[in-house]
1. Report the residue count in segment 302-337 for those that are assigned to a helix (DSSP H, G or I) and not acidic (Asp, Glu).
2. Quick one: which of ASP407, ASP427 is crowded, with 17+ Cβ neighbours inside 10 Å and either of a type outside the set (Lys, Arg) or assigned by TED's automatic domain parsing to the domain that holds LEU356 (or both)?
3. For segment 78-90, state whether one or more residues are on the phi > 0 side of the Ramachandran plot and more than 35 Å from the chain's Cα centre (by Cα).
4. Between LEU278, LEU259, LEU297, which is among the hydrophobic types (A, V, I, L, M, F, W, C), in contact with a strand residue (DSSP E or B) (Cβ under 7 Å, 6 or more places away or on another chain), without any contact (Cβ under 8 Å) to a residue 40 or more places away in the chain and under 23 Å from LYS362 (Cα atoms)?
5. Is segment 267-276 home to any residue that is outside any loop (DSSP other than H, G, I, E, B), of a type outside the set (Lys, Arg) and under 27 Å from MET148 (Cβ atoms)?
6. Could you check, for segment 97-113, whether at least one of its residues is outside any helix (DSSP H, G or I), out of contact with any Ser or Thr (no Cβ under 9 Å at 6 or more places or on another chain) and modelled with pLDDT of 95 or more?
7. Answer yes if at least one residue in segment 146-160 is among the hydrophobic types (A, V, I, L, M, F, W, C), under 30 Å from ARG104 (Cβ atoms) and more than 18 Å from the chain's Cα centre (by Cα), and no otherwise.
8. For segment 117-130, name all the residues that are in contact with a Leu (Cβ under 9 Å, 6 or more places away or on another chain), outside any strand (DSSP E or B) and surrounded by 22 or more Cβ atoms within 10 Å (Cβ to Cβ).
Amino acid sequence: MKRKIYGQLLEWKNESKGRTAMLIDGARRVGKSHIAKLFAEKEYKSHIFIDFSNTTKEILDLFINESYNLDLFLAKLSAFYSTILYERNSLIVFDEVQQFPRARQLIKYLVADGRYDYLETGSLIRLRKNTENIIIPSEEDHIEMFPMDFEEFLWAMGDEITIPFIQKCFNEKKALGAALHRKVMNDFRQYMLVGGMPQAILAYRDKKDFRAADIEKRRILKLYREDVSKFASGYEEKVYDVFDKIPSQLSKKEKKYKLSSIDKNARFRAYEDTFIWLNESMIVNTCYNATDPSVGLALSFDHSTQKCYMADTGLLVTHAFMEKSFTENNLYKAILFDKLYINEGMLMENIVAQMLRRNGHKLYFYSRSDTTNRENHMEIDFLIRNQNKISPIEVKSANYRSHVSLDKFKKKFTNKIGDSYILYPKDVMIKNGIIHLPIYMAMFL
């Protein structure tokens, strides 16, 4: 399946010309190994693919005992894999490099040697356990790989023309029209349910089988839980507690994660490592409260007040009903038959967080509680930086009646605000100075 990250890898190859290695970082099962293999096969005369999650003792010994002599090291590597390496036209891939950090440290010397290109893939790569006792090479470029976005989903379904037209409508702030908007929303609902994990999309694609996609997503969620027991040793129970309650937290009106749902005496300090683990493993998208909205949102964020969105909305749909069978998951029926009032906030906000994060935004929201002065009491779902201004974003249902918080926010921070957005299931509209966009257009913000 076609992935946008391929273009980024091609750009790196052409611009770097061997001066840096590239590390692809992403959650498990987003397609890192597949894209690395495809890139190696199509863009180089030869390649060696080393999977550190399933390699031989001989290869590990080679890295440990022979890496001081690169001529011998590379000659033995070439012989072991029966692959001729061509100077400046061969790629060596270190797959699942977090399993063997010593290989990552060696990148500094391999890049300096300059003969070949090097591509690394890794999940859980930022965890302290996977970087202990090594020097992170400065000769390493880094890109994040996310679940497939809505455009990639449509590509997989054989549609390469819809998104460019939607982009044009977004740029011109012009409505799509009832028929086309209805079709795109129908496709988008399918994307919300299936999600962006490649295995789930493949399972769904041919026969439009949601049950087959759900089976794949359950396997991925099971894999994530196994990673917790392996890599969060010492506080794995806390990680399970937080992770398992994400759907119930997001289904509430106020989606800030409340530790009291786990234990009424729980304090953030005791769970801080848990939230860091989930964020750095890229299983969740963390959204922080920016207490003083300004262009430098990171300067005022409160790390103890946060919302935890799932990195993939399709996984959230399955995670919410993990203990029940596929036939008992009401979310599939609710979304397909346009009954989004059932847990609508949970799924719609999650998909917006996913799209904003995919676009490179760090996620922030604004929340202030003031019972004495209601003018100061407000909550804005997302804040993004747009040049020298802040754009507030509210996620609404089709039948929303008002946007009180957004009005108060605009009044309070007039000089700091650029465009204001409402994302909802209807077509493009500009009303009272607020840009209303169909939710799928969040991908262009």
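The values are calculated or read from the model by the stated rules, or taken from the named source; none is laboratory data. Everything numeric in this text was worked out from a predicted model, so none of it was measured. Cβ atoms come from the backbone with ideal geometry, glycine included; neighbour counts cover every protein chain shown.
1. In the first step, residues of segment 302-337 are kept if they are assigned to a helix (DSSP H, G or I); the result is 313-319, 326-328, 330-336.
With not acidic (Asp, Glu) added as a condition, the list becomes 313-319, 326-327, 330-336.
Residues in segment 302-337 being assigned to a helix (DSSP H, G or I) and not acidic (Asp, Glu): 16 in total.
2. Details: ASP407 fails: crowded, with 17+ Cβ neighbours inside 10 Å.
Answer to the check: ASP427.
3. Initial filter on segment 78-90 (on the phi > 0 side of the Ramachandran plot): 82, 88.
Still in the list and also more than 35 Å from the chain's Cα centre (by Cα): 82.
The answer is yes; a qualifying residue exists.
4. Values: LEU259 fails: in contact with a strand residue (DSSP E or B) (Cβ under 7 Å, 6 or more places away or on another chain); LEU297 fails: without any contact (Cβ under 8 Å) to a residue 40 or more places away in the chain.
Exactly one of LEU278, LEU259, LEU297 is among the hydrophobic types (A, V, I, L, M, F, W, C), in contact with a strand residue (DSSP E or B) (Cβ under 7 Å, 6 or more places away or on another chain), without any contact (Cβ under 8 Å) to a residue 40 or more places away in the chain and under 23 Å from LYS362 (Cα atoms), namely LEU278.
5. Here is the first cut: in segment 267-276, the residues outside any loop (DSSP other than H, G, I, E, B) are 268-276.
Add one more test, that the residue is of a type outside the set (Lys, Arg), and what stays is 268, 270-276.
Next, only the ones that are under 27 Å from MET148 (Cβ atoms) stay: 275-276.
Yes, segment 267-276 contains at least one residue that is outside any loop (DSSP other than H, G, I, E, B), of a type outside the set (Lys, Arg) and under 27 Å from MET148 (Cβ atoms).
6. Residues of segment 97-113 outside any helix (DSSP H, G or I): 100.
In the following step, the residues that additionally are out of contact with any Ser or Thr (no Cβ under 9 Å at 6 or more places or on another chain) were identified as none.
No, segment 97-113 contains no residue that is outside any helix (DSSP H, G or I), out of contact with any Ser or Thr (no Cβ under 9 Å at 6 or more places or on another chain) and modelled with pLDDT of 95 or more.
7. Of all residues in segment 146-160, those among the hydrophobic types (A, V, I, L, M, F, W, C) come to 146, 148, 150, 153-157.
Retained after the next criterion (residues that are under 30 Å from ARG104 (Cβ atoms)): 146, 148.
Retained after the next criterion (residues that are more than 18 Å from the chain's Cα centre (by Cα)): none.
No, every residue in segment 146-160 fails to be among the hydrophobic types (A, V, I, L, M, F, W, C), under 30 Å from ARG104 (Cβ atoms) and more than 18 Å from the chain's Cα centre (by Cα).
8. We begin by selecting, within segment 117-130, every residue in contact with a Leu (Cβ under 9 Å, 6 or more places away or on another chain); these are 117-122, 125, 130.
Pick out the ones that are also outside any strand (DSSP E or B) and you get 125, 130.
Once the filter is applied, which keeps residues that are in contact with a Leu (Cβ under 9 Å, 6 or more places away or on another chain), outside any strand (DSSP E or B) and surrounded by 22 or more Cβ atoms within 10 Å (Cβ to Cβ), segment 117-130 yields only ILE125.
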